[in-house]
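Q: Supplied in structure tokens, the structure appears directly below.
The values are calculated or read from the model by the stated rules, or taken from the named source; none is laboratory data. Computed from a predicted model, the values in this text were never measured in an experiment. Neighbour counts are summed over all protein chains in view; Cβ atoms, including those assigned to glycine, are modelled from backbone coordinates with ideal geometry.
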Amino acid sequence: MAGGSGGEERGAPQGRRLLVDCSLTPLTGTPTGIPRVLRKYLTYAPAAARAAGMDFMAVEIAAPGRFRRFREVGEPRADPGRPLSAGDIGARCALVVLRYVSPVLKHLLHLIGAVLPVRLVRKTTDRWARSADKFVSKFRRRFNVQPRVREEVTFRPGDVLLCPGCFYHMDMEDYAAARAQGAEVVVVLHDILPVTVPQTFEYPWRWDFKQRIVQALDIVAHFYCISRQTQDELKRFAATLDKPVRTAVAYNGIDPVAVGPVSPPSDPERRALLARRPWLMVGTVEPRKGYGEAVAAFEALWRAGYDRPLVIIGGKGWLAHETQAPILESPWLGKNLFWFRQVDDETLAAFYEGSHALLAASISEGFGLPLLEAPAHGLPVLYRQVPAFREILGDRAPSFASHEELKAGLLDMEAPGRRAEICAALAQLRWYDWPSVVEAVVADLMAQTRTLDASIVPEEVMRPVRAGGAGVVQLDVAPAGSLRGGMEPVSGRQVAV
């Protein structure tokens, strides 16, 4: 196990439990992003925990400061409980209303204080806003409303509460309550982008996120960051607050791609589109993903005669109008520009296998899973020069740092032999698989000396991301990507912009 320059001394591990927190992280359907990471920990952590001599349990928040055993959707609970009385129903309805009303009132009061920056007004609104935060707890005490928690989990000294999901949606007081019972709270940290690039996130959510990170620095015993970039940003932020932070790097893993033919999409329009060998972008449509700049670059090339389409696969994110307008208002939408908000794993795999190349244009990232998924399917990559992306691909794929370099990079991929050259370089890419990552995290949790500041997964367990000769999508239409009128495929010197 790789270690840093120092370590954090741990007590004896006997009798410890590993509890994976699944709170407030959607796992239904085909999870992507952070929910997909949580699903991988749920898949591989039970066996890793048993091998390390720990009991395993998945848990979720059930009431303030109280956790219960996590059950999948549709999975029955062991204790169905008694029927609710009319009083119970009324109290719960009132609590739900208060949970929504109190934050709205709090932010409204903050807004009034900001719009009317009179000292007395601001002091009054701040005081009332703090009171609004306490409405729910006051209501519970006044009417003696205590939620019934079935299959409640009580923490004990030696427990490790591991949080690989959306921990930032939680009230940090819930984790403080678990710590007070003896549990050690450990977080898999995906990024702190609402702190480092706040302009790409909505207010007041980005403010709430920052406050939760500040609180977490006092509660979380250890952070496993999914990249060195995320680790560096967390340490810099903690330093501005003069707070200590204990971190290591636990990169996200990748599942090996099965060897064999990949089925084309069942939808005939998507089959025809894939036959044109489009460029592909994968990820939620939100401000920091760079979709606006990418669409602008493609529109300039399309006006000059370039005809290879762009396919975007990703759900709708926040700051919707500013982010989606370049796509939805483009005159090329439905001609050369296509946006699929929901696809299944099989369709995504078909586009990875059958597209021309992947474009990763994010202005900032905590990791970048598509940069591993694309080479795993034999797809070349053009990426923006952001630190997290360079950690993954380095110089194995071309990159860009400006709008002009982006357009040049798109055309460069059309030069004879260039695509094959990039594919050959990416074929040598090695990365960690998910079982190795999760096993390393569990082993480090159990170690007498915990890793600090370094990667916990040894490089020796890296494996090729593309296993052998992966499948090829069989299509009925010959690949396109040429100039209009059936001319030969364009190269970087045939289209001027």
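Q: Select from the range 372-397 the residues that are in a helix (DSSP H, G or I) and touching a strand residue (DSSP E or B) at 6+ places or on another chain (Cβ under 6 Å) and list them in ascending order.
A: Scanning the range 372-397 gives 372, 374, 389.
Q: Considering only residues that are in a helix (DSSP H, G or I) and of a type in the set (Val, Ile, Thr), look in the range 325-348 and name the one that is nearest to residue 290 (Cα to Cα). Full working, then the answer.
A: Going through the range 325-348, the residues in a helix (DSSP H, G or I) turn out to be 325-328, 345-348.
Subsequent filtering for residues that are of a type in the set (Val, Ile, Thr) retains 327, 347.
Working: 327: 12, 347: 23 Å.
If we take residues in the range 325-348 being in a helix (DSSP H, G or I) and of a type in the set (Val, Ile, Thr), then 327 is nearest to residue 290 (Cα to Cα).
Q: What number of residues within the range 427-447 are closer than 14 Å to residue 53 by Cα and outside any helix (DSSP H, G or I)?
A: Adding up the residues that qualify gives 1.
Q: Moving on to the next point. Search the range 312-339 for residues being within 21 Å of the chain's Cα centre (by Cα) and surrounded by 18 or more Cβ atoms within 10 Å (Cβ to Cβ), and hand back the single one that is nearest to residue 33 (Cα to Cα).
A: 314
Q: Filter the range 1-29 for residues that are polar (S, T, N, Q) and surrounded by 15 or more Cβ atoms within 10 Å (Cβ to Cβ); which is modelled with the highest pLDDT?
A: 23
Q: Would you please name the residue that is surrounded by the fewest Cβ atoms within 10 Å (Cβ to Cβ), looking only at residues in the range 157-174 that are free of Cβ contacts under 8 Å to residues at least 60 places away in the same chain and within 21 Å of the chain's Cα centre (by Cα)? Break it down into steps so the answer makes sense when it comes.
A: Here is the first cut: in the range 157-174, the residues free of Cβ contacts under 8 Å to residues at least 60 places away in the same chain are 157, 168, 172.
Subset that is within 21 Å of the chain's Cα centre (by Cα): 168, 172.
Working: 168: 23, 172: 20.
The extreme case among them is 172.
Q: Looking only at the range 45-71, filter to residues that are touching a strand residue (DSSP E or B) at 6+ places or on another chain (Cβ under 9 Å), assigned to a loop (DSSP other than H, G, I, E, B) and closer than 17 Å to residue 22 by Cα; which one of those is modelled with the highest pLDDT?
A: The residue in question is 70.
Q: While we're here: Among the acidic types (Asp, Glu) and either farther than 19 Å from residue 277 by Cα or in contact with a strand residue (DSSP E or B) (Cβ under 7 Å, 6 or more places away or on another chain) (or both), is that true of residue 329?
A: yes
Q: In the range 419-430, what residues are surrounded by fewer than 20 Cβ atoms within 10 Å (Cβ to Cβ) and touching a residue at least 24 places away in the same chain (Cβ under 8 Å)?
A: Selection gives 419, 423, 425, 427, 428, 430.
Q: Please verify whether residue 211 is touching a residue at least 12 places away in the same chain (Cβ under 8 Å) and out of contact with any Asp or Glu (no Cβ under 6 Å at 6 or more places or on another chain), treating the condition exactly as stated.
A: Considered against the rule, which asks whether it is touching a residue at least 12 places away in the same chain (Cβ under 8 Å) and out of contact with any Asp or Glu (no Cβ under 6 Å at 6 or more places or on another chain), residue 211 comes out as no.
Q: Let me ask something else. Only residues that are over 19 Å from residue 175 (Cα atoms), among the small types (Gly, Ala, Ser) and either outside the structural domain of residue 160 (by TED's automatic domain parsing) or surrounded by fewer than 21 Cβ atoms within 10 Å (Cβ to Cβ) (or both): list them for the range 30-70, please.
A: 33, 47, 51, 52, 53
Q: Filter the range 448-468 for residues that are within 30 Å of residue 379 (Cβ to Cβ), among the charged types (D, E, K, R) and assigned to a loop (DSSP other than H, G, I, E, B) and give the result.
A: Matches in the range 448-468: 466 only.
Q: Out of the residues in the range 268-306 that are among the basic types (Lys, Arg) and within 13 Å of residue 350 (Cβ to Cβ), state the one that is modelled with the highest pLDDT.
A: Per the criteria, the residue is 277.
Q: Here's a check for you: in the range 343-363, which residue that is over 19 Å from the mean Cα position of the chain (by Cα) and of a type in the set (S, T, N, Q) is modelled with the highest pLDDT?
A: 355
Q: Now for a separate question. Pick from 242, 218: which is over 19 Å from residue 165 (Cβ atoms), surrounded by fewer than 15 Cβ atoms within 10 Å (Cβ to Cβ), outside the structural domain of residue 371 (by TED's automatic domain parsing) and in contact (Cβ under 8 Å) with a residue 12 or more places away in the chain?
A: Only one candidate passes the filter, namely 218.
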